[in-house]
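Participant: Please read through the structure below; I'll follow up with questions.
The values are calculated or read from the model by the stated rules, or taken from the named source; none is laboratory data. Since the model is a prediction, treat every value here as computed from it, not as a measurement. Please note: Cβ atoms are built from the backbone with ideal geometry, for glycine as well, and neighbour counts cover all protein chains shown.
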């Protein structure tokens, strides 16, 4: 049985936003691995599968139907959890750092776009004032008796 995790088997479409180009399209192998790890291990599918595996492990070893390779205190299972945590924590932190970097770069990009829009708006206001002044001048030239 195949388990589908998010972002698997999806066609890669080039990004248009400059932040996505820098942080998604140009990712290194390690960055892609950290992102895929957190995408896969942060799902209900993973939690359910891991819970089933742990329950089966404990039942098989507690009841003793088959050879008990890890008796009651489940030391081997505990060792597996420790190994999993020792790899999971740094990968999650790397993905978290990348997320913070993406947020910071997105905010900087948005601020640049906002500044550009404000500059355009200021230019438009100046042009509207000039048009208003020219219109008023034309009205006084065309209708000298009205004021």
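Participant: Name the residue that is nearest to residue 38 (Cα to Cα), counting only residues in region 97-147 that are in contact with a helix residue (DSSP H, G or I) (Cβ under 8 Å, 6 or more places away or on another chain) and surrounded by fewer than 10 Cβ atoms within 10 Å (Cβ to Cβ).
Facilitator: 147
Participant: If you don't mind, there's one more thing I want to ask. Which residue is modelled with the lowest pLDDT, if the candidates are limited to region 56-94 and must be surrounded by 13 or more Cβ atoms within 10 Å (Cβ to Cβ) and part of a loop (DSSP other than H, G, I, E, B)?
Facilitator: Across region 56-94, the extreme among qualifying residues is 70.
Participant: Could you tell me which of the residues 30, 42 is within 19 Å of residue 98 (Cα to Cα), modelled with pLDDT of 80 or more and out of contact with any strand residue (DSSP E or B) (no Cβ under 9 Å at 6 or more places or on another chain)?
Facilitator: One residue alone meets the criteria, 30.
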